[in-house]
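Okay, structure first, notes after.
The values are calculated or read from the model by the stated rules, or taken from the named source; none is laboratory data. Just so it is clear, the model here is predicted, and its values are computed rather than measured. Cβ: placed from backbone, ideal geometry, glycine included. Neighbour counts: every protein chain shown.
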Amino acid sequence: MPEYNVNELERLIDGDLPWTRVQEIMKSPKDGSRFQKWVQILQSRVPWEERILLPLTPHLYVVERAGGERVVKCTCGQEFGDYRVNWKLSALIHVRDSEKELGKIYRGSEMPEAEWVQVREYYCPGCGNQLEVEAVPRGCPPDFEFLPDLDTFYSEWLGQPLDRKVEFADKTLDTVRGWQA
């Protein structure tokens with residue numbers, strides 16, 4: 001099984017490897033330490049100390065705070081709360097739902113019907129980075145596209161159990177219900 005050094009993985013992350021090399025890496029078996037090296041690279045690029053458990057997007061991570069709490073955090077340090085709650089509920093949202101607004105990103109016959117579709121752009125309140133974009137039917141709740149089972153991943157896949165187990169459950173509705181009070 002091939003082993004990749006940190007410098008080559010950094011070039012892969014930054015898009016600086018030739019496409020032929022990227023294809024070789026994609027086709028070859030994964031080395032056992034690649035995930036740890038990847039997280040090590042990402043950890044070295046953020047200005048905060050909390051341990052990255054899992055990258056979610058180019059700017060969002062599930063991190064472990066000092067007390068063992070797991071939260072979603074942006075590269076800039078902005079926290080979005082418990083990783084089991086859809087982080088989009090804590091983001092700034094720009095909604096494109098008119099023909100004029102949709103026309104800024106779609107051309108001609110590619111444009112969806114404004115009466116049916118919204119394009120939602122999610123931004124970090126801390127740094128303003130665009131974190132996600134989704135095109136959804138009107139009235140559809142924000143898509144919670146990824147809720148990782150971190151305890152299973154770390155214990156069964158990486159063989160490195162986390163110190164504290166956390167209930168694996170989507171807590172988004174609990175948060176929304178709390179808004180009614």
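Below, the figures for the structure above:
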read-out: Residue count, segment 106-149 (criterion: outside any strand (DSSP E or B), touching a Lys or Arg at 6+ places or on another chain (Cβ under 7 Å) and either surrounded by 12 or more Cβ atoms within 10 Å (Cβ to Cβ) or basic (Lys, Arg) (or both)); value: 2
read-out: So GLU101, is it of a type in the set (Asp, Glu), surrounded by fewer than 19 Cβ atoms within 10 Å (Cβ to Cβ) and free of Cβ contacts under 8 Å to residues at least 24 places away in the same chain; value: yes
read-out: Subset tally (residues that are surrounded by fewer than 21 Cβ atoms within 10 Å (Cβ to Cβ) and over 15 Å from GLN43 (Cα atoms)) for segment 72-86; value: 4
read-out: Options ARG34, ARG51; residue that is basic (Lys, Arg), closer than 29 Å to ASP151 by Cα, surrounded by 14 or more Cβ atoms within 10 Å (Cβ to Cβ) and at pLDDT below 90; value: ARG34
read-out: Those residues of segment 150-180 which are in contact with a strand residue (DSSP E or B) (Cβ under 7 Å, 6 or more places away or on another chain) and not in a loop (DSSP other than H, G, I, E, B), in sequence order; value: LEU150
read-out: Flag for GLU64 being touching a strand residue (DSSP E or B) at 6+ places or on another chain (Cβ under 7 Å), among the acidic types (Asp, Glu) and within 30 Å of GLU3 (Cα to Cα); value: yes
